[in-house]
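What follows draws every value from the coordinates through simple rules; no lab data is involved. Given the structure is predicted, the values throughout are model-derived calculations rather than measurements. Here the Cβ is made from the backbone with ideal geometry for all residues, glycine too, and neighbour counts use every protein chain on show.
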Amino acid sequence: MTIRRAKLKNAEKIVIKLGTRLLTYSTGKLNLSYIEKIVRQIADLKNQDKKIILVSSGAVGAGIGKLGIKKKGLTIPERQAMAAIGQGLIIQFYEKIFAEYGYTVAQILLTRLDFENRKRFINAHNTFEFLLNYDVIPIVNENDTVSTEEIELGDNDQLSALVASLIDADLLINLTDTEGLYDSNPALNPKAKLIPLVSELSPDIKKLAGETNDSLSTGGMITKLLAAEIALSSGIDMVIANGQKQNVLQRLLDGEEIGTFFSSSSSQMKSRKKWIAFGQTVKGIIVIDEGAEKAIMEHGKSLLPIGIIEVSGSFSKGETVSICTKDGNELARGLVNYSSEELQLIKGKKTQDIEDILGYCYADEIIHRNNMVIY
């Protein structure tokens, strides 16, 4: 039995993400036939005692279809209004069809703040666990009706990965209208080959992603690879596959080589580490020297001011920053003990000089090892 087959067959807690182009027609109106088919597949997995979380796109598109709006490039208030209309339509159909198979659904709408705020992060985790323990199927979407640029996640690819990380899922299945990740753009190159297995998200793999030109969709392959990065870093396997294939979910879990399988080699991060790594918005960058890099990467040390070369961005004490090398490679992320203004004054200095320079000392470490996640 291959590693892929073994991992997929053993997956118990599964997040399934459905893209807009599967759930709606080009008009924006809901594809009711597809929704009925995918619900039946999910209900069959539930009958096998799988714990399923569904991340469903399509709210904005459904709202556009309901009102018959033809224009492209909606403003934020217009998208929020369309989401308010469309979300009700989608959850109504899910509730009706799942009930026919004896299952109850629950709607969960999230924004970036639900992941950034530690208390809300824990509350969300507990809500998911309660619902799953009572055999309920959570149906998740971004709360587009209140999201603005400052708090939006931007796409449900990233949302699905964050939810998978939040609930310690075994597997993330990202269903779309393409077969998976190709070695070149299949729309431009008829000889493009599907990549069946990715075990490392190297820079060359990331370059294979392209942008979307779909007015109803906010994603594309680039957002799916960003989702894969979150999933793999959290110790979660992921599959990108064509959701239009017949009985695609069961075939995937039976180990059939459909789509692209992203195999995780790391173990699950602890909840707090996941929150630091993925729940927070990175507010700045700290560039470190080779000595600090070696201390962090090889010896598990905290970051001290003497190893800092450069500080960019504006951030406050307690916010998340990225720790990078001089050539721009991100090594880690962490919660910083000093603001960007303070770090400009103490970078490159010895720990014992902090109080003399600032007049106070919050901590000897700029980022403590316990508040740091290594990539």
Rounded to the nearest 10 degrees, the helix 118-133 long axis (Cα) sits at an angle to the longest Cα principal axis of the chain of 30 degrees
In the stretch 282-374 the DSSP beta bridges are antiparallel at a rate, in percent to nearest 5, of 80 percent
For the stretch 360-375, in residue order, the Karplus 3J(HN,Hα) values (coefficients 6.51, -1.76, 1.60; θ = phi - 60°; whole Hz; Gly and Pro = x) are 7, 9, 5, 6, 6, 9, 6, 9, 6, 4, 5, 10, 10, 10, 8, 9
Under Stokes-Einstein, the stretch 282-374 at 20 °C and 1.002 mPa s, with its Kirkwood radius over C-alpha pairs, diffuses with a coefficient in µm²/s of 169 µm²/s
Magnitude of the Cβ-charge dipole (Lys and Arg +1, Asp and Glu -1) of the chain about the Cα centre, nearest 20 debye, reported as 940 debye
The chain: antiparallel bridges as % of DSSP beta bridges, rounded to 5, reads 40 percent
Env charge @ residue 340, Cβ radius under 13 Å, K,R +1 / D,E -1, value -1
The simple spin-label model distance between residue 345 and residue 289, using points 7 Å out along Cα→Cβ, in nm, is 2.2 nm
In this structure, the FRET efficiency calculated for residue 263 and residue 363 from their beta-carbon separation, with R0 = 45 Å, to the nearest 0.05, is 0.70
Across 70, 206, 274, the residue with the highest GNM fluctuation in the chain (Cα network, 10 Å cutoff) is 70
Burial-style ranking of 308-314, 187-193, 137-143, average other-beta-carbon count within 10 Å with highest first, yields 137-143, 308-314, 187-193
Once normalised by the length of the chain, the mean sequence separation of its alpha carbon contacts under 8 Å that are 6 or more apart gives a contact order in percent of 15 percent
Measuring from the longest principal axis of the C-alpha atoms of the chain, the long axis of helix 76-100 (C-alpha) lies at a number of degrees, nearest 10, equal to 50 degrees
GluC sites (Glu not before Pro) in the stretch 56-130 lying in a DSSP loop, each with at most 13 other Cβ atoms within 10 Å of its Cβ, come to none
Residue separation between residue 133 and residue 298 times 0.36 nm, minus their alpha-carbon distance, gives in nm 55.3 nm
Rounded to the nearest 10, the angle in degrees between the Cα long axis of helix 221-233 and the longest principal axis of the Cα atoms of the chain comes to 60 degrees
